[in-house]
Amino acid sequence: MKIIFATGNENKLREIREIMGDLTEEILSMKEAGVAADPEENGSSFEENAAIKATACAELATGKYAEDVVVMADDSGLEIDALGGEPGIYSARYLGHDTSYDEKNRIILERLKDVPEEDRGARFVCAVAAVVLPAGKPAAEAGEPLITRETMEGRIAHEIAGANGFGYDPIFLLPEYGRTSAEISPDEKNAISHRGKALRAMREKLREELA
Ligand code: IMP
């Protein structure tokens, strides 16, 4: 069995290879698999957007391989309670694609400057979708994508802190660590992150599905 993951992001691929490695050693990026799906992510939830990406990639992968193929994609973002759940599914494009994360993080802290501690709740969310393509069958005959969704709960900090991670990590405070998710190590983060948890949940779903 092969897994194709609909991403070009090397960090995600490394994490996926670590987590999914005991299902199969053959885990390919879209580029390695020679499929280049770039669908419009116009769903209204993380789950829908992950399913759109996995389905588009599965259509292109159909018929390419003799063995069973699982085509996976993820979609993730940050929900801030005091901003009514923003930036949510718009996390990557929030405040403009060309605005740096340093700038985005400063703007968010400014918007939340009068928000008391108890109202600063936030979470990272990740949905993972997987389309199982049985050998020799077209994508149209694959069932609905399997979906998992997990969160990492925290609070918006008062200051930017930490140089690990990416995106909104420097303003995301993990109360049980007393540090932001940019201040903990990558291994510590993978163990508790929304993406790590959603990928591990998908690994178990796939184990059942393929048994
Ligand atoms: P995507 O799922 O790769 O499209 O990521 C969506 C966006 O959500 C990223 O560009 C980041 O802005 C944000 N995001 C998702 N996960 C994380 C995380 O673990 N740390 C920081 N930002 C994240």
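The values are calculated or read from the model by the stated rules, or taken from the named source; none is laboratory data. Owing to the predicted nature of the structure, the values given are computational and were not obtained by experimental measurement. All Cβ positions, glycine included, derive from the backbone under ideal geometry; neighbour counts span all protein chains shown.
Select, from Arg93, Arg14, the only residue that is among the charged types (D, E, K, R), closer than 22 Å to Tyr168 by Cα, within 12 Å of the ligand (Cβ to nearest atom) and free of Cβ contacts under 8 Å to residues at least 24 places away in the same chain.
Arg93
Could you please let me know if Ala66 is within 16 Å of the ligand (Cβ to nearest atom) and either surrounded by 18 or more Cβ atoms within 10 Å (Cβ to Cβ) or over 24 Å from Pro175 (Cα atoms) (or both)?
In short, no.
Take the residues of the stretch 28-62 that are within 16 Å of the ligand (Cβ to nearest atom) and either in a strand (DSSP E or B) or among the aliphatic types (A, V, I, L, M) (or both): which is surrounded by the fewest Cβ atoms within 10 Å (Cβ to Cβ)?
So, considering only residues that are within 16 Å of the ligand (Cβ to nearest atom) and either in a strand (DSSP E or B) or among the aliphatic types (A, V, I, L, M) (or both), the one surrounded by the fewest Cβ atoms within 10 Å (Cβ to Cβ) is Ser29.
Scan the stretch 132-176 for residues that are surrounded by 16 or more Cβ atoms within 10 Å (Cβ to Cβ), at pLDDT below 95 and more than 12 Å from the ligand (Cβ to nearest atom) and jot them down.
Val132, Leu133, Ala139, Ala142
Which one is surrounded by the fewest Cβ atoms within 10 Å (Cβ to Cβ), of the residues in the stretch 105-127 that are within 16 Å of the ligand (Cβ to nearest atom) and under 30 Å from Ala201 (Cβ atoms)?
Checking each candidate, the answer is Arg123.
Kindly provide the set of residues from the stretch 177-199 that are at pLDDT 95 or above, more than 12 Å from the ligand (Cβ to nearest atom) and within 16 Å of the chain's Cα centre (by Cα), ordered by number.
Listed by number, the list holds a single entry, Leu199.
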